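Student: Take this structure first; my questions come after.
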Amino acid sequence: MQDIEAVLEAHKITKEEYGQIKNILDREPSKVEIGVFSAMWSEHCSYRSSKKYLRSLPVDAKWVIQGPGENAGIIDIGGGYAAVFKMESHNHPSFIEPFQGAATGVGGILRDIFTMGARSLVNLNSLRFGDITDSGKMGRLHRRLLRGVVSGISFYGNCMGISMLGGETTFDESYNGNILVNAFNLGIVKKEKIFYGRSEGVGNPVIYVGSKTGKDGLGGAVMSSDSFDDDSKSKRPTVQVGDPFTEKLLMEACLELFETDHIVGIQDMGAAGLTSSSFEMAARGGGGMKLYLDRVPMREQAMTAYDVMLSESQERMLICAKKGSEEEIFRVFARYGLDAVTIGEVTDSGKVQLYWNGDLVGDMPTMLVADQVPALDRPVKRPAYLDEIGSLDDIDDIGSLSSTEVLKILLKEPETADKRFIYEQYDSTIGSSSLTKIGESDAGVFWVKENDTALALSVDCNPRFCYIDPKGGAAAAVAEAGRNVAMSGARPLAVTDCLNFGNPNNPEVMWQFKEACEGIKEACLRLGTPVVSGNVSLYNETNGVSVFPTPTIAMVGLLDKPKNLLTAPFKKADDLVYLLGESRGEFGGSLYMKALAKKVAGKLPKLDLSLELALWNLVITANEQSLLCAAHDVSIGGISVAVAKMAALGSLGFEGMVTISDERELFGESFSRAIVEVPPEKKDAFEALLSQSGLNYECIGRTTEENLILNSISISQRELNEIYFDSFAKVMERDA
């Protein structure tokens with residue numbers, strides 16, 4: 001082996017960890033073994049910095065079938081069916097190579113779902129970029145990154161026949177050096193047909209299926225567990241290359257096989273490839289495994305055992321089959337033109353043993369590598385910047401713009417403007433089950449034909465809130481994701497998360513992470529939405545600058561009767577419009593402050609989770625009683641932006657007045673609020689329900705045929721549509 005210090009540096013293994021490895025093996029490790037330990041002990045695979053805090057998250061409810069620890073979470077949705085879902089990051093690869101990085105991120109999350117026995121059906125995504133409005137080099141870079149990421153996502157999802165149901169895309173300078181690409185997928189499975197990623201039964205064969213193995217993606221898990229610098233583009237070879245057509249064949253072959261009785265367990269070869277899949281399956285089964293690596297189908301010459309174990313080539317799975325089932329499994333995959341080869345067997349040795357052309361090249365204890373990774377108790381420190389920004393809640397220096405001018409500015413912001421430039425590249429109608437169009441509803445909703453219900457999905461996080469208050473901001477992300485689901489009429493049930501943070505070696509970043517986990521815990525407990533799966537992405541830092549803390553939350557809710565679907569656009573003129581919840585003129589972390597004062601500062605708006613839950617219950621109940629025509633939560637940009645979006649989406653107008661003491665309160669971002677449209681004949685019934693809710697409310701006006709008039713705001717329908725629907729595309733056309 002070459003100079004050991006150089007080897008350890010290349011694998012991001014410290015001298016202390018190398019000593020632990022030697023103690024575990026009671027000898028010097030081989031290069032293959034160093035590669036395995038490096039991958040399995042990486043932050044990306046082991047969660048060694050975060051597991052201390054993740055353990056506190058609530059994971060149980062009567063509808064939860066599978067919580068964290070498997071490929072994906074599973075909840076019962078009635079009628080003998082279950083929803084399988086998860087969200088994961090592909091941040092570093094997407095920054096280095098946006099098209100392939102984003103595409104393989106989609107491919108990876110799809111495999112996590114169908115490896116559980118489910119047919120992958122719908123996608124969401126959460127994307128963060130730097131300032132795309134910048135006229136210089138940075139703006140051009142992030143417009144290029146956005147185009148590449150969106151193209152990669154649409155390419156893989158569209159080719160696979162997976163409907164894109166919604167998502168969010170936000171922009172801030174904190175992401176100039178690290179974009180975030182978080183992908184979500186959900187599938188449906190019969191409860192008795194759920195499969196798990198484990199190997200059991202001594203002598204049972206271990207079968208490799210899917211694409212051949214190449215050298216693409218080598219070191220991907222380790223790369224994702226490190227910060228960026230000016231030389232990060234040299235890491236391009238660690239980004240995998242995906243083929244959605246092969247993955248489609250792989251999914252169909254696996255689903256066909258799931259209808260038989262041949263499989264004991266199955267695992268996706270994701271991060272760290274064959275290394276993680278083999279060790280995780282053996283660990284979950286509490287046993288061992290022998291692998292004959294030279295039997296693995298390879299598509300490159302002169303590959304080594306190291307290459308085979310660490311490759312992150314896409315579209316591959318590892319199956320633990322029942323002995324005697326091999327030939328039938330081979331026939332299934334042969335019909336789809338895919339490789340299927342027995343490469344090993346299950347043992348009771350408690351070790352994973354690796355052979356290459358007859359030689360033992362790796363002999364490692366399963367549990368010590370996979371399940372007993374040395375956890376890190378990293379130091380935490382409250383960030384000093386919080387003392388500096390906490391008092392900057394004064395918005396008096398913003399100037400004397402009229403409310404109409406302010407609303408126009410906010411609607412032009414890439415964060416709030418309609419993003420059809422992005423979502424029109426996605427196929428949201430594949431499968432004929434989508435009940436909503438992207439952009440028209442707070443949540444994406446699709447029909448579950450198997451039990452004639454519908455599922456509502458939303459993905460949310462406001463990084464500005466998390467920057468000024470990580471705990472409160474994370475709780476607010478849970479609340480908003482649930483609120484969006486409730487605005488569709490569905491009852492929120494469970495969460496998957498994707499926790500994106502900076503460098504864990506920085507005590508201030510670890511404090512942000514600790515606080516965010518506490519916020520998620522408190523919100524999920526109070527709102528009754530357990531965390532059933534998730535992902536942690538650390539080291540989102542370039543040249544010492546970390547991204548804003550971004551604990552992204554995806555919420556899944558159940559709508560018992562699909563016909564009761566509620567959407568955001570105003571439906572017809574002369575309906576009553578109500579503001580639900582209390583407006584307190586809170587501007588901490590608001591878009592108003594960011595867009596006009598160029599600050600991310602202040603105190604987080606007050607979040608009362610009991611009022612949040614009351615709002616959900618009110619909207620859900622009112623919708624069940626057919627009292628509502630439309631609903632939209634009040635969030636970024638406040639009341640004014642919420643009403644403007646409902647008007648623009650419905651091609652209608654509005655005229656009314658909100659009772660406020662200061663016009664600027666139209667742009668405040670107090671939590672637990674919504675705008676709803678009520679037919680005049682339902683007024684008494686709706687207000688009777690309101691009186692029992694404990695919520696503040698006000699009838700603020702009526703829908704009209706055209707034009708938006710709200711307090712002193714006055715915008716023609718034509719100008720409103722031009723601003724809302726065209727602004728984002730104009731930014732993206734600058735250097736297309």
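Student: Based on the mean of other Cβ atoms within 10 Å per residue, sort peptides 481-487, 658-664 so the most packed one is first. Can you show the working numbers first?
Tutor: Working: 481-487: 30.3, 658-664: 13.0.
Those peptides, ordered most packed to least, come out 481-487, 658-664.
Student: If you don't mind, another one. Extension gain Ala10-Asn721, at 0.36 nm per residue separation less the Cα-Cα distance, in nm? Could you put the intermediate results ahead of the total?
Tutor: Working: separation 711, 0.36 × 711 = 255.96 nm, distance 5.35 nm.
This chain segment gains 250.6 nm when fully extended.
Student: Quick one: accessible surface of Lys603, probe radius 1.4 Å, all protein chains present, in square angstrom to the nearest 10.
Tutor: 130 Å²
Student: List, in order, the whole-Hz ³J(HN,Hα) value for each residue of the range 353-366 obtained from phi through the Karplus relation with A = 6.51, B = -1.76, C = 1.60 and θ = phi - 60°; use x for Gly and Pro.
Tutor: 10, 10, 10, 9, 6, x, 9, 7, 10, x, 8, 10, x, 4
Student: Answer with a single label: of (i) 81, 52, 45; (ii) 99, 71, 54; (iii) 122, 64, 48, which was calculated as Cα extents along the principal axes in Å from the structure in view?
Tutor: Only one listed value fits the structure, namely (i).
Student: What angle do you read, to the nearest 10 degrees and between 0 and 90, between the alpha-carbon axis of helix 638-650 and the longest principal axis of the chain?
Tutor: It is inclined by approximately 90 degrees.
Student: Just the number please: accessible area per residue for the chain, 1.4 Å probe, all protein chains included, in Å². It would help to have the intermediate numbers written out before the result.
Tutor: Numbers: 25500 Å² over 736 residues.
Accessible area per residue, the chain: 35 Å².
Student: Right, another one. Out of Leu710, Met732, Ala688, whose Cα points farthest toward the positive end of the dipole of the range 659-736 (charges: +1 Lys, Arg; -1 Asp, Glu; placed on Cβ)?
Tutor: Ala688
Student: Order 497-506, 70-79, 340-349 from most to least packed using the mean count of other Cβ atoms within 10 Å.
Tutor: Answer by packing, highest mean first, reads 497-506, 70-79, 340-349.
Student: I've got another one for you. Taking 30 Å as R0, compute the FRET efficiency from the Cβ-Cβ separation of Ala729 and Lys62 and round it to 0.05.
Tutor: Details: r = 46 Å, r/R0 = 1.54.
Here the calculated transfer efficiency is 0.05.
Student: In degrees between 0 and 90, to the nearest 10, how far off the longest principal axis of the chain does helix 98-114 point, with axes built from Cα atoms?
Tutor: Between helix and principal axis, roughly 80 degrees.
Student: Leaving ligands, DNA and RNA out of it, report the carbon-plus-sulfur percent of the accessible area of the range 515-607 at a 1.4 Å probe. Each step should come with its number before you reach the end.
Tutor: Working: 1380 of 2850 Å².
For the range 515-607, the apolar C and S fraction of the accessible surface comes to 48 percent.
Student: For the range 589-686, compute the orientation-averaged projected area of the C-alpha convex hull (one quarter of its surface), in nm². Write down the numbers at each step before the final one.
Tutor: On the way: hull surface 30.2 nm².
Computed as one quarter of the Cα hull surface, the answer is 7.5 nm².
Student: Ignoring everything but the protein chains, give the 1.4 Å probe accessible area of Thr246 in square angstrom, nearest 10.
Tutor: 20 Å²
Student: Note down the net charge around Ile207, summing +1 for each Lys or Arg and -1 for each Asp or Glu among other residues with Cβ under 12 Å from its Cβ.
Tutor: Details: positive: Arg295, Arg316, Lys322, Lys323; negative: Glu326, Glu327, Glu328, Asp339, Glu345.
Around Ile207, the charge tally is -1.
Student: For helix 403-412, what angle does its Cα long axis make with the longest principal axis of the chain, in degrees from 0 to 90 and rounded to 10?
Tutor: Taking the Cα atoms of the chain, the angle to 403-412 is about 20 degrees.
Student: Around Asp363, which amide H atoms from residues at least 5 apart in sequence, or from another chain, sit under 5 Å from its own amide H, with H modelled in the peptide plane?
Tutor: Sorted by chain and number, the residues that satisfy this are Leu354.
Student: Take each of the peptides 588-594, 566-572, average the number of other beta-carbon atoms within 10 Å over its residues, and list them starting from the highest.
Tutor: Working: 588-594: 24.4, 566-572: 21.1.
Averaged packing, sorted descending, gives the order 588-594, 566-572.
Student: Quick one: accessible surface of Val202, probe radius 1.4 Å, all protein chains present, in square angstrom to the nearest 10.
Tutor: Per-residue accessible area (Val202): approximately 100 Å².
The values are calculated or read from the model by the stated rules, or taken from the named source; none is laboratory data. All figures in this text were calculated on a predicted structure; none of them were measured in a lab. FYI the Cβ positions are ideal-geometry reconstructions off the backbone, even for glycines, and counts take in every protein chain you see. Remember, those area values only see protein heavy atoms, side chains included, never the ligands or the DNA or RNA. Shrake-Rupley method; radii C 1.70, N 1.55, O 1.52, S 1.80 Å.
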